[in-house]
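To start, the structure itself, in structure tokens.
No value in this document is a laboratory result; all are computed from the given coordinates. From a predicted model like this one, the values you see are computed outputs, not experimental measurements. Cβ placement follows ideal geometry from the backbone for every residue including glycine, while neighbour counts extend to all protein chains displayed.
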Amino acid sequence: MGAISHDEGGHQAAHAAGSEGAIPTVIHITDGTTHEVTVLDELLIEPSAFYLPDRGYLDCGRRYALDQSRAFFVTRAKSNTQFTRRYSHAVNRATTNVFCDQTGMLTVYISRKKYPAPLRRVVITDDDGKQLTFLTNNFVLTPKLIAALYRQRWQVDCSSRGSSNICACSLTVIACTKFYRF
């Protein structure tokens, strides 16, 4: 479980947010030579936990490993992510900020080979009118809750910056049993 942060000396710290909020429950510190994406290999994947990687973590193989471990991820899609829509789910654009909720597959051959399962693409319009595109392997939560989970990642980012010299978080994990209580 973790969120990766960098300080000015090149050190990296990974921390995890527990199910009760953005309080670190695990800290993983490496020198600045360790690539952030490899921290996912160090973590014990928790089934039903939500992993909230930065969009820089475009490693389809690692995301598929999360999927196969019965864990979930929510991430922002890069602008060049190629996705083929198979199904569109009904959304009410007049009363919500949800632009679309779709099920589909990655289009690029290598990406599709490393992540052969369907994905969900949720597009939300933020308060400034900007569209934010999220990819997830969770097909149960509402589109608004998908966006809210990713917003939780930003709260961990801000709390990390405020408490030390740590800069930007790249991966956040939320053990999410409470998210299934509707």
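Structure notes:
- Note on Tyr87 and Leu44: with the Förster distance fixed at 30 Å, the Cβ-Cβ geometry gives a FRET efficiency of about 0.35.
- In plain terms, the residue of Phe72, Phe139, Phe83 with the fewest other Cβ atoms within 10 Å comes first and the most crowded comes last, giving Phe139, Phe83, Phe72.
- Neighbour-count ranking [beta-carbon atoms within 10 angstrom, fewest first] of His89, His35: His35, His89
- Arranged from fewest to most other beta-carbon atoms within 10 Å of their beta carbon, Asp128, Asp54 become Asp128, Asp54.
- Two-site label geometry, Gln131 and Phe99: point separation in nm, points 7 Å out along Cα→Cβ: 0.3
- Other-chain or far-sequence residues with amide H under 5 Å of Phe83's (modelled H): Thr107
- Computed from phi, the 3J(HN,Hα) profile of the range 135-148 under the Karplus parametrisation 6.51, -1.76, 1.60 (θ = phi - 60°) reads 10, 8, 9, 9, 10, 9, 5, 5, x, 5, 5, 4, 5, 5 Hz, with x in place of Gly and Pro.
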